[in-house]
Amino acid sequence: MGAQYLLLLIVGLVFADGASLVDVTIDEIVDSCGPYYTGYGPEKAIDGDTDSFWDSKYIEQYYNNWYITFKLSQRYTVTNVKLLNRGDSLHDVTKFKLEASDDQITWHSGGSVNDVMTGSHVWQGFTGFSASGKYLRINITETDSGIQPWLSELSFTGYAESLVDVTIAEIVDSCGPYYTGYGPEKAIDGDTDSFWYPKFIEQYYNNWYITFKLSQRYTVTNVKLLNRGDSLHDVTKFKLEASDDQITWRSGGSVNDVMTGSHVWQGFTGFSANGKYLRINITETDSGHQPWLSELSFTGYADLSGSGIQHGDEISESPMKLADGRYLSDDRYL
Ligand SMILES: [Ca+2]
Ligand SMILES: [Ca+2]
């Protein structure tokens with residue numbers, strides 16, 4: 001075992017610290033790629049019966065996009081997959097990928113496998129995935145003959161995720177100058193009397209933003225916002241965007257009905273803004289003048305999926321297999 005291998009294992013352990021692998025509980029199947037033969041629905045892939053299997057129909061050979069979407073009992077980061085092929089050497093899965101989402105609109109890649117064994121009705125385990133979300137999709141991207149899969153069983157393990165306060169490392173940008181003593185930091189200083197007051201921007205600019213660097217990657221799901229409440233400079237609409245490089249920005253949701261004329265906290269849920277950088281963009285105020293934004297705070301889920309380091313599996317002397325089929329102990333890849 002090389003030093004680099006040890007280091008990776010240690011890093012994996014550190015990231016997994018405080019959390020332990022658990023069985024992922026599925027609430028329900030919310031979608032699959034199409035119709036199926038009677039008695040062979042997608043639920044047969046998770047019924048615990050190794051004889052029953054999913055058999056979709058009316059899909060052409062080499063479709064390579066046979067999927068099942070699961071709603072999980074809560075948010076997880078799924079790291080491990082167990083899969084049981086039927087083993088007939090015709091309908092056996094050879095390749096699949098995992099994707100995860102918090103809203104079933106934006107899907108994040110969670111890893112893939114290209115070397116599932118065929119012709120065998122034995123459980124196969126795959127590790128090294130990082131699929132974080134409330135929804136999980138397995139997409140079978142190849143079978144041995146190109147015809148639809150007969151999938152006997154599937155199960156997932158991973159880490160249960162819980163909502164945490166999002167920690168902001170620093171403000172890296174905002175839409176322009178501001179009045180002295182009214183910088184964008186006033187929107188996150190914990191003081192409900194201080195506020196952000198940008199200046200020199202025309203009425204109806206509707207693009208007043210602050211960009212935050214977060215302490216780590218998060219999926220931000222909830223926003224709390226405190227308007228000044230003067231009925232002139234109050235936020236009425238805003239959107240969230242997230243990025244990992246401040247170049248490519250992804251939509252994270254928007255709100256069009258912020259209450260005005262009131263200096264009380266308002267909470268908004270249902271966002272899915274995933275990244276290391278977070279931007280709030282105020283797209284409307286009640287008078288069209290620049291916002292006076294008293295306070296902001298965010299909650300969400302800590303996310304390691306873009307860190308370049310996968311969740312660690314349990315320490316083992318045997319090679320750790322990554323989602324792309326590589327082994328951590330293979331020096332060619334270190
Ligand atoms: Ca089954
Ligand atoms: Ca403040």
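The values are calculated or read from the model by the stated rules, or taken from the named source; none is laboratory data. Model, not experiment: these values are computed from the prediction. Because the Cβ atoms are built from the backbone with ideal geometry, glycine has one as well, and the counts that use them run over all protein chains shown.
All conditions in (1) buried (at least 21 other Cβ atoms within 10 Å of the Cβ); (2) within 28 Å of the chain's Cα centre (by Cα); (3) free of Cβ contacts under 8 Å to residues at least 60 places away in the same chain hold for W107, with the sole exception of (1). Being within 20 Å of R228 (Cβ to Cβ) and more than 16 Å from ligand 2 (Cβ to nearest atom) is the filter; apply it to the stretch 154-201 and report the residue that is modelled with the lowest pLDDT. Applying the filter and picking the extreme gives F200. The set of residues from the stretch 222-268 being farther than 23 Å from T192 by Cβ and β-branched (V, I, T) comprises I247, T248.
Results for (1) free of Cβ contacts under 8 Å to residues at least 60 places away in the same chain; (2) crowded, with 19+ Cβ neighbours inside 10 Å, shown as yes or no for each residue.
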{"residue": "T141", "(1), (2)": "no, no"}
{"residue": "W150", "(1), (2)": "no, yes"}
{"residue": "L154", "(1), (2)": "no, yes"}
{"residue": "Y159", "(1), (2)": "no, yes"}
{"residue": "P177", "(1), (2)": "yes, no"}
{"residue": "F195", "(1), (2)": "no, yes"}
{"residue": "N207", "(1), (2)": "no, no"}
{"residue": "I210", "(1), (2)": "no, yes"}
{"residue": "R217", "(1), (2)": "no, yes"}
